[in-house]
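K.L.:
One structure is given below, represented as structure tokens, and several questions about it will come after.
We did not get these values from a lab; they are worked out from the coordinates using the rules stated. Just so it is clear, the structure is predicted and the values come from calculations on it, not from any experiment. All Cβ positions, glycine included, derive from the backbone under ideal geometry; neighbour counts span all protein chains shown.
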């Protein structure tokens, strides 16, 4: 089965050099806009992840044991130096 669109005769398109250049500029601008949107999204996601990782309260709630062990050893070292 052949593609129906391939069977339709299309008149030749004659574009000027300026028209081709303008079309190319529009394509490049569209690609840049898409890249900007993706970059903005990536930066937002990265910012959210960094905020989550440096939130010590959240980390403590998720894994209290390492914090408690660290606090014990810090207390031990401080008490020993007195």
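K.L.:
Between residue 24 and residue 69, what is 0.36 nm times their sequence separation minus the Cα-Cα distance? Round to one decimal in nm.
P.N.:
That pair, residue 24 and residue 69, stretches by 10.0 nm at full extension.
K.L.:
Right, another one. Label-point separation (nm) for residue 14 and residue 80, each offset 7 Å from Cα along Cα-to-Cβ?
P.N.:
Placing both labels 7 Å along Cα→Cβ, they lie 9.1 nm apart.
K.L.:
Follow-up question, since we're still on this one. Sticking with the crude label model, points 7 Å out along Cα→Cβ, report the distance from residue 33 to residue 50 in nm, one decimal please.
P.N.:
According to this spin-label approximation, the distance is 2.9 nm.
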